[in-house]
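I have placed the structure first, in the form of structure tokens, so that the comments after it can refer back to it.
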Amino acid sequence: MKIVRRIIIIAMLFFSIVSLAGCNKNNENNKLTIISTSFPGYDLARAIIKNNSNIEVNMLLKPGAELHDFEPTPQDIKNIKNSDIFIYVGGDSDAWIEDILDDIDTDKTKIIKLMDLVDTVEEEHVEGMEENHDEDEEEEVEYDEHVWTSPINAITITDKLKEKIIKIDTANKDLYEKNASNYINELNIIDKKIRDLVDNSKKKEIIFGDRFPLRYFVMEYNLNYYAAFPGCSEATEASAKTVSFLVNKVKQDKIPVVFKIELSSGKIAETIAKETGAKVLEYNTAHNITQQDFDKGVTIVDIMNNNIKVLKEALVS
Ligand SMILES: [Zn+2]
């Protein structure tokens, strides 16, 4: 499957080279352009460039779409090549980018991989998780790409992203410094709220009847977790064994909330809830947001604030 997808992308790449007739569509309006594959990079860049109409940031992924199923169009690849800064996450979710990196002119387009901006850890398989049946990947060490889910990482990323943006637009250095520091303040408030919440909670454990892209988050706040799948596993069906392990955990540890993540069917969480009487709540891991939220200008800070509300119920504070 993955190989076929890669071949299609490489074919597209050649097509895009042939069709690039020296015309730079993105820069027709003379704006500096930042492109981010997904929502986290888009959100942080948007916060940094706020109030400067001579620079814009665009997200490749359509609002509401599943990041892990994303496939670029020839126009997307053209736009990346014409951008001034290209932000991607790295890891399994946007592996297609590795195939086009060599074709990007780095004198023109600065490339930023979010996973390079913070310390990364390997994906973790905790007790009770579904085994990985994907033979292609069995031997590979996989680093967890969901670096933005920890507010502390989001702060580091904002700071480093700001430096890169200043490099392409030094004239607006003061504005970018000010915007970044405002956003970092907001993220610091989130961090403090979560620390207080965890400190004052009876439970220090969360259970996800879903994938678990929150490794960096739980590490930061010393929370225990159990989940159906690690990271952003492609699997969506859990075995009876996995479900019954999670059901027992919920019962044994008297966990009041079973989480599902955004854009998920929530079926596994519902099944566990039915068996245990726990409540299903959504934890938004901010891979992407709905069109409606996108139009409203919802930010990662908004999403994290909502997550604090649901965490409060789960941790019983
Ligand atoms: Zn993911």
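Laboratory data are not the source of any read-out in this text; all were calculated from the coordinates shown. Fair warning: this is a prediction, and the values are worked out from it, not measured in the lab. Using ideal geometry, Cβ is built from the backbone for each residue, glycine included, and neighbour counts are taken over all protein chains shown.
Points to keep in mind about this one:
- Rounded FRET efficiency, nearest 0.05, which uses the C-beta distance separating residue 177 from residue 236 and R0 of 41 Å: 0.40
- Distance distribution note for the chain: the fraction of Cα pairs above 25 angstrom is 53%.
- Each residue of segment 269-283 is assigned a 3J(HN,Hα), and the resulting list reads 4, 4, 4, 5, 4, 4, 6, 10, x, 6, 9, 8, 10, 9, 9 Hz, derived from the Karplus form 6.51 cos²θ - 1.76 cosθ + 1.60 (θ = phi - 60°), x at Gly and Pro.
- The aspartates and glutamates whose alpha-carbon is closer than 20 Å to the alpha-carbon of residue 249, local same-chain residues fewer than 8 away aside, are 124, 127, 130, 131, 205, 210, 237, 270, 275, 282, 313.
- Here's how it looks for residue 206: its modeled amide H is under 5 Å from those of 224, 225, 226, which are all 5 or more places away or on a different chain.
- Relative contact order for the chain, counting Cα pairs under 8 Å that sit 6 or more residues apart, in percent: 18
- Gain in span if fully extended, residue 131 to residue 279, counting 0.36 nm per residue against the direct Cα distance: 50.7 nm
- Counting only Cβ charges, +1 for Lys and Arg and -1 for Asp and Glu, the dipole size of the chain around its Cα centre is about 1520 debye.
- Calculated diffusion of segment 202-315, Stokes-Einstein form, Kirkwood radius summed over Cα pairs, 25 °C and 0.890 mPa s, µm²/s: 170
- Under 13 Å from a label point set 7 Å out along the Cα-to-Cβ vector of residue 308, the amide N atoms of segment 181-203 belong to 185-199.
- Each of 247, 150, 268 was scored by the projection of its Cα onto the charge dipole of the chain, and the greatest displacement toward the positive side belongs to 150; charges sit on the C-beta of Lys, Arg, Asp and Glu.
- The calculated 222 nm mean residue ellipticity attributable to helices in the chain amounts to -13500 deg cm²/dmol, summing -39500 (n - 2.57) over DSSP H runs of n ≥ 4 and dividing by all residues.
- Segment 188-198 - phi-based ³J(HN,Hα) in whole Hz, Karplus 6.51/-1.76/1.60, Gly and Pro as x: 5, 5, 4, 4, 5, 4, 5, 4, 4, 4, 5
- Among beta bridges that DSSP assigns inside the chain, antiparallel share in %, nearest 5: 5
- Residues 60, 175 arranged by fewest to most Cβ contacts within 10 Å: 175, 60
- Other residues whose C-beta falls under 13 angstrom from the C-beta of residue 176 contribute a net charge of +3, scoring Lys and Arg +1 and Asp and Glu -1.
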